[in-house]
Amino acid sequence: MAMSPFLANIREKVGTDLLMLPSVAGFVFDSAGRLLVARHGDVELWAAPGGGVDPDERPEDAVVRELREELSVDVAVRGLIGVYGGPEFRTVYPNGHQCGYVIAAYGCVVAGGTPTPDGEEITSWRWVTEDEISGLNMTAWSPLVVPEAFTWWRGQRL
């Protein structure tokens, strides 16, 4: 897990104790209505790409930054799908760090570039249909958000 200097400073003080962290996820759709999912190397699970919100950063700017950092694509944010949290959004990383995430999920489209994994946080990516998503080994929170993301996307296409 790549860690911002801000978060590293907090971790020095609290160790592996639970931190509640603001984060974003980019639900990127193509013109065929397929969703871009990424395999996260630290946990070897598929999910929408995203990450933490830095101090003084707007969440919408964070999702654009995260997609650029993780997959080398520029995205245009089309809207907020929803904000999510709860026990399914809690993670214990291999290094013992405990995090509970509150995720702002944004609907996006690719505005430039070709997805290219950074090789650190993201190891691979693919476009999937709503029917194909159930065949992937996904994060615990994905089944709660992905159906709402596809519903949101269909509403945008009307």
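The values are calculated or read from the model by the stated rules, or taken from the named source; none is laboratory data. Fair warning: this is a prediction, and the values are worked out from it, not measured in the lab. A quick note on method: Cβ atoms are made from the backbone with ideal geometry, for glycine too, and the neighbour counts reach across all protein chains shown. Side chains included, ligands, DNA and RNA excluded: accessible areas come from the protein's heavy atoms. Shrake-Rupley method; radii C 1.70, N 1.55, O 1.52, S 1.80 Å.
In the chain, taking the dipole from charged Cβ atoms about the Cα centre, the farthest positive-side position among C99, G33, G51 is held by G33. Take the chain with all the other protein chains still there, run a 1.4 Å probe, and you get 51 Å² of accessible area per residue.
If only the Cβ of Lys and Arg carry +1 and only the Cβ of Asp and Glu carry -1, the dipole of segment 3-97 around its Cα centre is close to 180 debye. Split the accessible area of the chain by element, probe 1.4 Å, and carbon with sulfur accounts for 51%. Assuming a ≥ b ≥ c are the square roots of the Cα gyration tensor eigenvalues, decide whether the chain counts as rounded (a/c under 1.5), prolate (otherwise, with a/b larger than b/c) or oblate. It comes out prolate by the Cα gyration axes.
Taking E70, E60 and ordering them by how much accessible surface each has at a 1.4 Å probe, largest first, produces E60, E70.
Cα gyration tensor of segment 55-147, axes a ≥ b ≥ c as square roots of the eigenvalues: rounded (a/c below 1.5), prolate (a/b > b/c) or oblate?
It is rounded, given that a/c, with a ≥ b ≥ c, falls under 1.5.
Legend: calculated FRET efficiency, L18 to L136, from the Cβ-Cβ distance at R0 = 30 Å, rounded to 0.05, equals 0.65.
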